[in-house]
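Structure first, commentary second.
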Amino acid sequence: MSATLIATTAGLATAIAWGSADYLGARSTRKLKPVQITLVTDIISITIALVLFLIFGFHHLTLNQVVQIVVYDICLNVAYLTFLQALSKGAVGIVVPLGNIYAFFTLLLALAFHQAHFSTAEFTGMLVIIFGAVVLAYEKNHRKLPLRELHHKTILALAASLIWGVGFFILNSVVSQVPWQTITITGEMTSVVLTCMLFSVLCRGSIVASAKAALKTKVAYLNGVVGQAGMLAFYFGSHEARNVVIPTVLSTCGPLVASFWGRVLDAEKIGWLKRAGAVAVVAGIVILNLN
C-alpha cells in the first residue's frame, strides 16, 4: 500500500471520527460547558494512554522532541478554545468555514520549510479537498451581528485556524522519528494537565459539582471515545506516511460527517451547497491518489 493511500485512508477515518465527535459535542453542549466536555474526553485520553503504555511501552524522546509534542498539543487546546469563543455569538456561517482552513496553513508551512514534497496532482487534490471542506462547513448566518463584532469573530476564527495549522506543522517534524503510540501518550498527558488547570480556573467555586455533572453525561463519554479514535487514526496515518499534511487535509472533511448525522438523526436538510462541497471533496481524493 502506497504512503499516499495510507495517509488518505487514515485521514478519512479521522474525518469520520472527528465529524461524528463534532455532532456529539454539539449535543453535549446542551448540558455541559466546553471545559466539562474536555474533562470527560481527557479521562478517556489518559485511559488510552495507559493502555498504549502497558502494551507498547514508551519510546525514548529527546528534549527537543518532547518540547515539539508539548507545544503542538498546547496549540490544539488553545485553538479549540479560541474557536469556541469565536462561535459564542452564533456567527456560524463565517466562523466554521474559516476554522476549517487550518490544513491550508499546514500545507503551506510544510512546503515552505521543505518538510514535505508533493506531485502536482497531489497538491491540486489537496487544494480541491480544502475548498470542498470549506464549502461543506458553510452555513447561512441568520443573525445580524454588528460589523465590529463580526470582525472580532472573524479574527478569532482565523487565529484558531492558524494556530491549528501551526500545531500540525510542528508535529510534522517528529511523526517520522517517534512511534505514534509515544506521540499519543505524550500528547494526552499534556492535554490532561492543561484541562485540569483550566477546569480549576473556570469552575472555581463549583469544581466538585461541575465534575459530577460531567461524569454523569453519557453523550460526553461517547463524544470522547469517538474523538480519541480519530486522534489515534491521525497519529497512525501520519507516522506511516511520514508526514501529517495529507491526514490533516482529509480531516477537514469532518463537516460532511456531522451533516450526515444531522440529516439521519435530526432530520436536518442538506442543501445544494453542502452537496457541491461533498462532490469537490470526492474529486480531490481521486486526484490525490491518481499517482
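The values are calculated or read from the model by the stated rules, or taken from the named source; none is laboratory data. Computed from a prediction, not measured in an experiment: that's the story for all the values here. With ideal geometry, Cβ positions are generated from the backbone for all residues, glycine too; neighbour counts draw on all protein chains shown. These accessible areas exclude ligands, DNA and RNA; they are computed on the full protein's heavy atoms, side chains included. Shrake-Rupley method; radii C 1.70, N 1.55, O 1.52, S 1.80 Å.
Count the lysine pairs in the chain that are 8 or more places apart or on different chains: how many have C-alpha atoms under 21 angstrom apart?
16
Residue 204 to residue 47: extension gain in nm, 0.36 nm per residue of separation minus the Cα-Cα distance? Please report the intermediate quantities before stating the final value.
Details: separation 157, 0.36 × 157 = 56.52 nm, distance 2.55 nm.
54.0 nm is the gain from fully extending residue 204 to residue 47.
Residue 62 to residue 263: extension gain in nm, 0.36 nm per residue of separation minus the Cα-Cα distance?
On the way: separation 201, 0.36 × 201 = 72.36 nm, distance 4.71 nm.
Value of the extension gain: 67.7 nm.
Ignoring ligands, DNA and RNA, what percent of the 1.4 Å accessible area of the range 1-119 is carbon and sulfur?
71
HN-Hα J couplings of the range 232-248 from phi, Karplus 6.51/-1.76/1.60, θ = phi - 60°, integer Hz, Gly and Pro as x?
With the stated coefficients, the range 232-248 comes to 5, 4, 5, 5, 4, x, 5, 5, 5, 8, 6, 7, 9, 4, 5, x, 5 Hz.
Using a basic spin-label model with each label point 7 Å from the Cα along Cα→Cβ, how many nm lie between residue 279 and residue 120?
Modelled inter-label distance: 2.5 nm.
Assign one of three labels to the range 158-253, namely rounded, prolate or oblate, based on the Cα gyration tensor with a ≥ b ≥ c the square roots of its eigenvalues; rounded applies when a/c is under 1.5, prolate when it is not and a/b is larger than b/c, and oblate otherwise.
Prolate is the answer for the range 158-253, as a/c is 1.5 or above and a/b outweighs b/c.
Say the dipole of the chain comes from +1 at the beta carbon of Lys and Arg and -1 at that of Asp and Glu; which of 119, 249, 156 then lies farthest toward its positive end?
156
On average over all directions, what projected area in square nanometres does the chain have, based on the convex hull of its Cα atoms?
Computing the convex hull of the Cα atoms and averaging its projections yields 15.9 nm².
Kindly sort 197, 231 by accessible area of their heavy atoms, largest first, with the probe set to 1.4 Å.
Reading off the accessible areas and sorting them downward yields 197, 231.
When the distances between all Cα atoms of the range 209-273 are binned every 5 Å from zero, what whole-number percent does each bin get?
P(r) for the range 209-273, in whole percents per bin: 4, 14, 15, 17, 15, 16, 13, 6, 1.
If you take the charge dipole of the chain about its Cα centre, with +1 on Lys and Arg Cβ and -1 on Asp and Glu Cβ, which of 239, 15, 28 is farthest toward its positive end?
28
Taking only DSSP H segments of four or more residues, each worth -39500 (n - 2.57), what value at 222 nm results for the chain once the sum is divided by all its residues, to the nearest 500 deg cm²/dmol?
Working: 13 runs with 230 residues, N = 291.
Only helices count here, giving -26500 deg cm²/dmol.
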